[in-house]
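Novice: I am attaching a structure below and will ask some questions about it afterwards.
The values are calculated or read from the model by the stated rules, or taken from the named source; none is laboratory data. In this text the structure is predicted, and so the values were computed from the model without any measurement. Don't worry about glycine lacking a Cβ; one is built from the backbone with ideal geometry, like all the others, and counts go over all protein chains shown. All accessible areas refer to the heavy atoms of the entire protein, side chains included, with ligands and DNA or RNA removed. Shrake-Rupley method; radii C 1.70, N 1.55, O 1.52, S 1.80 Å.
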Amino acid sequence: MNVIFMGPPGAGKGTQAERIVSTFHIPHISTGDAFRLAMSQETPLGIEAKGYVDKGLLVPDEITNGIVRERLQQPDCNEGSLLDGFPRTIAQADALDVIMESLGKKIDHVINLGVDRNLLLARLTGRRICKSCGATYHVVFNPPKQDGVCDKCEGELYQRSDDTEEKVGTRLDEYVNKTAPLLEYYRGKGLLREVNGDQDIDLVTSEISSLLRG
Ligand code: ADP
Ligand code: AMP
């Protein structure tokens, strides 16, 4: 089963992906995580990506497509995958179709998490992530039991450098201009499913699970 999670930054894609991959046993492929890892390791990819990520801009398609092409060829993707944050442009969606076809795979579901735009800033500026295991929290909406400490692995929580008010503005503009048109693209292919991402986290998970179980 190959699934794509769509939705604006802060919609809850990563939060839901953590839960869905543990139920459905498919790998979670987040291009944002891949860029952050490369940036922290200061690889050539990371150094190139940093110039865009730090400004809240999308990384160019050729760079991003290459990461996904390589990742989807790994054996752990044989039974499926959950793409989170990719594709984000029509050119990426076209490239994904080519990659999938060349690997004899197909996209089964595109889940769009719709969230009121007014909620996104608060979600993103309050987001905290575990340095060790990557689990996502929110200081108000989904707080850890102990301030700054991951419930799952006791790792230290940090705030992403692009989760500032200024960068969130640019990221949302990028979403509206370049990513939102993809909704029509996937609706046209009959793959798009809408889930109300404003709801409680558990409720969103159960709606997504039902859609995937079809
Ligand atoms: P995305 O991956 O789409 O950018 P995240 O999953 O990281 O979004 O969620 C953004 C922030 O909002 C996180 O701090 C997360 O804890 C919080 N969050 C996610 N889903 C919900 C929800 N349904 N209700 C309230 N807060 C949520
Ligand atoms: P995310 O973790 O999904 O919020 O992504 C963080 C940042 O990584 C984005 O603001 C972009 O700079 C970059 N990024 C992640 N995925 C993509 C993508 N599919 N295309 C281009 N840039 C991306």
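Novice: Which value in Å does the Kirkwood hydrodynamic radius of the chain take, with 1/r averaged over all unlike C-alpha pairs and then inverted? If you can, show how the numbers build up before the last one.
Specialist: Details: mean 1/r = 0.0568 Å⁻¹.
One over the average 1/r among Cα pairs gives 17.6 Å for the chain.
Novice: Checking the a/c ratio against 1.5 first, then a/b against b/c, what shape does the Cα gyration tensor give for the range 141-190?
Specialist: On the way: a/c = 4.26, a/b = 1.96, b/c = 2.18.
It is oblate, given that a/c is not under 1.5 and a/b is not larger than b/c.
Novice: Projecting each Cα onto the charge dipole of the chain (Lys/Arg +1, Asp/Glu -1 at the beta carbon, about the Cα centre), which of VAL3, LEU212, ASN118 comes out farthest on the positive side?
Specialist: Highest projection toward the positive end goes to LEU212.
Novice: What is the percent carbon and sulfur in the accessible area of the chain, measuring with a 1.4 Å probe over the protein chains and ignoring ligands?
Specialist: The nonpolar share, carbon plus sulfur, comes to 50 percent.
Novice: On to the next question. Do you know the relative contact order of the chain, to the nearest whole percent, from alpha carbon pairs under 8 angstrom that are 6+ apart?
Specialist: 29
Novice: All other residues with a Cβ under 11 Å from the Cβ of HIS109 taken together, and with Lys, Arg as +1 and Asp, Glu as -1, what is their net charge?
Specialist: +2
Novice: Related question: Say R0 is 22 Å: what FRET efficiency, to the nearest 0.05, do SER209 and GLN74 get from their beta-carbon distance? Walk me through the numbers before you get to the answer.
Specialist: Values: r = 25 Å, r/R0 = 1.12.
Efficiency computed from Cβ-Cβ geometry: 0.35.
Novice: Based on Cβ point charges of +1 for Lys and Arg and -1 for Asp and Glu, what charge dipole magnitude is obtained for the chain about its Cα centre, in debye rounded to the nearest 20?
Specialist: Once rounded to the nearest 20, the dipole reads 140 debye.
Novice: Leaving out ligands and nucleic acids, note down the accessible area per residue over the range 10-146 with a 1.4 angstrom probe, in whole Å².
Specialist: Roughly 49 Å² per residue, with all protein chains present.
Novice: Under 5 Å between amide hydrogens, which residues at least 5 positions from ASN2 or on another chain qualify, with H placed 1.01 Å from N in the peptide plane?
Specialist: Hits under the 5 Å cutoff: SER81, ASP108, HIS109.
Novice: The range 162-187 to the range 12-46: how many Å between their Cα centroids?
Specialist: Each part reduced to its Cα centre gives a spacing of 18 Å.
Novice: How many angstrom lie between the C-alpha centres of the range 127-144 and the range 57-102?
Specialist: 26
Novice: Given the options TYR158, TYR175, TYR137, which has the most mean-square fluctuation in a GNM of the chain, springs set between C-alpha atoms less than 10 angstrom apart?
Specialist: TYR158
Novice: Right, here's the next one. Quote the FRET efficiency, to the nearest 0.05, computed for LYS189 versus PHE141 with a Förster distance R0 of 35 Å and r equal to the Cβ-Cβ distance.
Specialist: Using R0 = 35 Å, I get an efficiency of 0.60.
Novice: Find the relative contact order for the range 24-85 and round it to a whole percent, using C-alpha pairs within less than 8 Å whose residues are 6+ positions apart.
Specialist: Reported as a whole number, the value is 54 percent.
Novice: Quick check: from the Cα gyration tensor, does the range 8-81 come out rounded (a/c under 1.5), prolate or oblate?
Specialist: Verdict is oblate for the range 8-81.
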